[in-house]
């Protein structure tokens, strides 16, 4: 049931992690939704997402041990989704992944039928959000913005713009993934 694998891509600052957390907190009735935790080669930072932080040596060891169902590199970091994070697919649960735009074709090859979601935001909103994080220099933020502008949404991906309130984007995603639930009152 790979159609229950939801792979969300978009530029940094678009709100991928926030959107996925929103959906986990607002699922349709009687729907099991799980957020796949990423393993990332960056220092652990208090209050930042729910990623598992590892160093590059540990990541390489996990890669050699074939611990990852999906893995990619982006912006100087290595990311992986451990196999056990996708195990809930076998029980009929929905699994949400915050992924990489460049890795999407590989993910689609390994998981045919996955639901690809492209989350975007205006350049102004992205600039504000990236600056507020204080993780990167102004030049690094501008480089990210240039990559975001140059990227075309993947073919077949459902596109959502997250410039306003998160609940609005969340409702769009929920209606797309669960159209029958969107028709229910409440």
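The values are calculated or read from the model by the stated rules, or taken from the named source; none is laboratory data. Please read these numbers as outputs of a predicted model, since none were measured by experiment. FYI the Cβ positions are ideal-geometry reconstructions off the backbone, even for glycines, and counts take in every protein chain you see.
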Elements of type helices (runs of 4 or more DSSP H) contained in segment 119-186, each with 2 or more residues being farther than 20 Å from residue 8 by Cβ and without any contact (Cβ under 8 Å) to a residue 40 or more places away in the chain: 123-133, 138-150
Search result, residues across segment 22-50 that are at pLDDT 90 or above and over 21 Å from residue 180 (Cα atoms): 35, 36, 37, 38, 39, 40, 41
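So how many residues does segment 103-124 have that are in contact with a strand residue (DSSP E or B) (Cβ under 9 Å, 6 or more places away or on another chain) and under 10 Å from residue 163 (Cβ atoms)? Show your work before the answer.
Start the filter on segment 103-124 by keeping residues that are in contact with a strand residue (DSSP E or B) (Cβ under 9 Å, 6 or more places away or on another chain), which leaves 103-104, 106-108, 110-111, 113-122.
Narrowing the set further to residues that are under 10 Å from residue 163 (Cβ atoms) leaves 120-122.
Here the count works out to 3.
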